[in-house]
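Okay, structure first, notes after.
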Amino acid sequence: MNKFNKICCMGLGYIGLPTSTVFAVNGYEVVGVDVQQEVVDTINDGSVHIQEPGLKEMVRGAVMEGNLQAGTDPEPADVFIIAVPTPLTEGKSADLSYVREAAETISSYLEEGNLVIVESTVAPRTTVDIVKPELESSGMTAGEDFYLAHCPERVLPGQIIHELIHNNRIIGGIDEESALKACELYNSFVEGEMYITDATTAELTKLMENTYRDVNIAFANELARVAEDIKTDVWEAIDLANKHPRVNIHKPGPGVGGHCLAVDPWFIMEKAPRAEMIELSREINDSMPEFVVSNVKEKLFGIGDPKISILGITYKGNVDDTRESPILKVIELFAEDKVGMGIHDPRVPEKAEKELNLLALEEAVKGSDCIIIGADHKEFNRLDPEDIGELMNNRVIFDTKNHLEAEKWEEAGFEYYKLGDYSHNDWHKNYGVENGFNCE
């Protein structure tokens, strides 16, 4: 192992805790820092406050081995990792207050030869223009007395542990020596390739990756709107278009959520106001909740005082993360119209259930006129349409994720709709995408 033995990680959220844990199970002494005492106590008890496959077992093992502990204050260390949130401000710019505070705090503990790594997703030039000066308030100079790098995470919730280890990694140093030191550190567990660059390029690279996806989802959502106008099925059309060897259209949905795709494009626009295509894509994706609401209202036209059941409020399936979830906007819009709702999500933690007024499945569905599938949780595949239908006043379902097996629900007497499917002429489906019918 290299000379770095002790790591102090500022922030124990969706990235900070898994990162700290992976370092701990690879033999480093790790101190995780979080401002929430409840989070600190949970981790020190060998448990977790976020859902992620395999994480709880790893945390328990690392704590029992004595390699991982949490606290509300940092400690002297060889490496400091900044993994704090960077939310959007009301003006759609990066709120870097947590990053500034973390860097300022670290400066009091900084010693010669230390390595500081920014993992938080930040606007371009944050590492050199904000973090570096804060750290240098210690009286030391970055690149001479200590090392500084930006090494953005590139992981998918639900697969964080696997991807931390196996994904390729971008290592952006303020100078070559800083990049090499950071590369040496991550080499202790990363099995993917590591690519060295400067800090600002690394910052932009991370934002580009998520903006690429956001723009392509916006294209798919725009196609869903086109499908409404011309009365066809956008899902089948996308599947067919993707048979082309150089086409890979994303899937439409109720919008874009999570801390990355719905946020990172704004960080680029903050530095480049003329990024018009990126801005338009954000506008399209942010408008999808209104699109969902208008279509559900259309399906329920003529029903007085309808009740709507919303199943799934996380920003994606099989995770507990509701950050920037477009379904929360859907709920807000229905609430403004004083529409009765029953909301259920089997993935949301108990504490958040109370805050969001979530109900048990049966209670959420009882007396409902329409179910909206807002997240593609695997639990919803196991629902029995007959049992659900018995609880409802009207059997209508609007699947924003194309997640359920339509035929099964239609056989149970449901009117089944999915976002972007306005086709009522399905004679060709027996010959279509799934069967790969050969015209010859």
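The values are calculated or read from the model by the stated rules, or taken from the named source; none is laboratory data. Small disclaimer: the values here were computed from a predicted structure and weren't measured. Because the Cβ atoms are built from the backbone with ideal geometry, glycine has one as well, and the counts that use them run over all protein chains shown.
Details
- Qualifying positions in the range 329-350 - in a helix (DSSP H, G or I), within 26 Å of R382 (Cβ to Cβ) and touching a residue at least 60 places away in the same chain (Cβ under 8 Å): V330
Conditions tested, residue by residue: (1) part of a loop (DSSP other than H, G, I, E, B); (2) among the small types (G, A, S); (3) free of Cβ contacts under 8 Å to residues at least 60 places away in the same chain; (4) at positive phi.
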site: C183; (1), (2), (3), (4): no, no, yes, no
site: V190; (1), (2), (3), (4): yes, no, yes, no
site: T200; (1), (2), (3), (4): no, no, no, no
site: T205; (1), (2), (3), (4): no, no, yes, no
site: E209; (1), (2), (3), (4): no, no, yes, no
site: D214; (1), (2), (3), (4): no, no, no, no
site: R246; (1), (2), (3), (4): yes, no, yes, no
site: H259; (1), (2), (3), (4): yes, no, no, no
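- When the residues of the range 211-237 are filtered to those that are out of contact with any Gly (no Cβ under 9 Å at 6 or more places or on another chain) and surrounded by 21 or more Cβ atoms within 10 Å (Cβ to Cβ), the one that is nearest to L180 (Cα to Cα) is T211.
- Residue within the range 10-32 that is free of Cβ contacts under 8 Å to residues at least 12 places away in the same chain and either part of a helix (DSSP H, G or I) or of a type outside the set (A, V, I, L, M) (or both) present: no
- Total residues in the range 85-96 satisfying the condition of being more than 15 Å from the chain's Cα centre (by Cα) and either surrounded by 14 or more Cβ atoms within 10 Å (Cβ to Cβ) or closer than 20 Å to Y28 by Cα (or both): the figure is 5.
Rundown of residues vs (1) outside the structural domain of A237 (by TED's automatic domain parsing); (2) of a type in the set (K, R); (3) at pLDDT below 95; (4) at negative phi, yes/no style:
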| residue | (1), (2), (3), (4) |
| --- | --- |
| M392 | no, no, no, yes |
| D421 | no, no, yes, yes |
| H424 | no, no, yes, yes |
| F437 | yes, no, yes, yes |
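- Number of positions in the range 9-44 that are over 22 Å from V319 (Cβ atoms) and out of contact with any helix residue (DSSP H, G or I) (no Cβ under 8 Å at 6 or more places or on another chain): 11
- Scanning the range 379-419 for residues that are closer than 23 Å to M288 by Cβ and among the charged types (D, E, K, R) returns D399, K401, E415, K418.
- For the range 67-81, the candidate set comprises residues that are surrounded by 18 or more Cβ atoms within 10 Å (Cβ to Cβ) and within 9 Å of C8 (Cα to Cα); within that set, the residue that is nearest to the chain's Cα centre (by Cα) is I81.
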